[in-house]
1. Provide the descending list of Cα extents for region 1-144 along its principal axes, expressed in whole angstroms.
2. Which of the aspartates and glutamates could be linked to LYS257 by a straight reach, that is with a Cα gap under 13 Å, when you skip same-chain ones fewer than 8 residues away?
3. For a quick check of your reading of the filter: which trypsin sites (Lys or Arg not before Pro) in region 248-308 sit in a DSSP loop and have no more than 15 other Cβ atoms within 10 Å?
4. Where does the chain land at 222 nm, in deg cm²/dmol rounded to the nearest 500, when only DSSP H runs of n ≥ 4 count, each adding -39500 (n - 2.57), divided by all residues?
5. Which shape class, rounded, prolate or oblate, goes with region 186-227 when its Cα gyration tensor gives a ≥ b ≥ c as root eigenvalues, a/c under 1.5 marks rounded, and past that a/b bigger than b/c marks prolate?
6. Between ALA129 and ALA79, 0.36 nm times their residue separation minus their Cα-Cα distance comes to what?
7. Considering all projection directions equally, how large on average is the shadow of the alpha-carbon convex hull of region 205-273, in square nanometres?
8. Could I have the simple spin-label model distance between ALA253 and ASP113, label points 7 Å from Cα toward Cβ, reported in nm to one decimal?
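The values are calculated or read from the model by the stated rules, or taken from the named source; none is laboratory data. Every value quoted in this text rests on a predicted model; they were computed, and no experiment measured them. Cβ: placed from backbone, ideal geometry, glycine included. Neighbour counts: every protein chain shown. Remember, those area values only see protein heavy atoms, side chains included, never the ligands or the DNA or RNA. Shrake-Rupley method; radii C 1.70, N 1.55, O 1.52, S 1.80 Å.
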Amino acid sequence: MHDRVKSEPRRKIPAVSQILDALGQCDLPRPIVVDLVRRRLSQIRAAIDVPEFESIVSDLRGSLDELRASRLQPIINGAGIVIHTNFGRAPLAIEAVRALNEIGSRYSNLEYDLATGDRGRRGSYIQNALALLCGADAATVVNNCAAALVLIVHHFTKKDGRARPQPARRGEGASEVVISRGELVQIGGGFRIGEIVEATGAKLREVGATNKTTLDDYAQAIGPATAMILKVHRSNFFMSGFVESPSSEEISALARKKRIPFAEDLGSGAIAAIEQLGVADHEPTPTEILKSGVDLVCFSGDKLFGGPQESSLGKSASWRP
């Protein structure tokens, strides 16, 4: 008796085809629309009350409108922020769009060596050009700056095949990454530097205070478990007043003395002096940072560099222990 009463309302649940007929023509792919309808009907089956047919259709129309609005589409940037993180960062140059159209619409030598006829190395041309542009010994391109940071930390903290001899450890602790507490920032999308580093299995060795970190703080933190020193540029905020932080040159000298690799995350990725464009504050460039003695630099390619959206560039000067 109970099952019969419970099943009565469910008989009012319309079929998928009825909903699709009521929705009519839609400019979204049919499999996406069908999936949305089925998921909504599944939610109704799990509920106690069944809405009226018109209410179900109206609710689905609203869901389709939200889905349609989530597609990438041109908008007008009236925010007054030229490089807007939420608006696609820097628009691609016309020359870059033209190159994408020419290459993307046909076959290409993506992983094919035209000189030898053998399989080639993906990205070799752009990586060579990028290294030359930044004054680095080598360069590589990955999905985003967070991915570049993960690869850098993983390389220097993995227990096997490290770039420098593995010293005897005190206990079984993970390799340590030394970083200032004032640089444990959160970037767009909820990415936190500390969580990115710990995702590699490494251990954070925080030094200094939020507003003051000295070179001695770094020196005292370096020990047998230290794998690398990491510096993060505060590209989207600044601190003033009672603050102190050693320069990249000072940390580089310490890292060389201790035979520890030193990497810096530059964030926004300025290639040229942005003050020439009327910006008051100077943004450090990869070339400047590498010249200061930093071993590896990573930065975003879709912001000040003006590259493809959600693309990042990791630069490295050869590190020698």
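1. 78, 46, 29
2. The reachable aspartates and glutamates, counting only those whose Cα sits under 13 Å from LYS257, are GLU249.
3. Working: sites: ARG256, LYS257, LYS258, ARG259, LYS291, LYS303; in loops: ARG259, LYS303.
In loop regions of region 248-308 (DSSP not H, G, I, E or B), the sparsely surrounded trypsin sites (Lys or Arg not before Pro) are ARG259.
4. Per the formula, -11000 deg cm²/dmol.
5. Oblate shape, in that a/c is at least 1.5 and b/c is the bigger or equal ratio.
6. 14.6 nm
7. The directionally averaged projection comes out at 5.4 nm².
8. 4.5 nm
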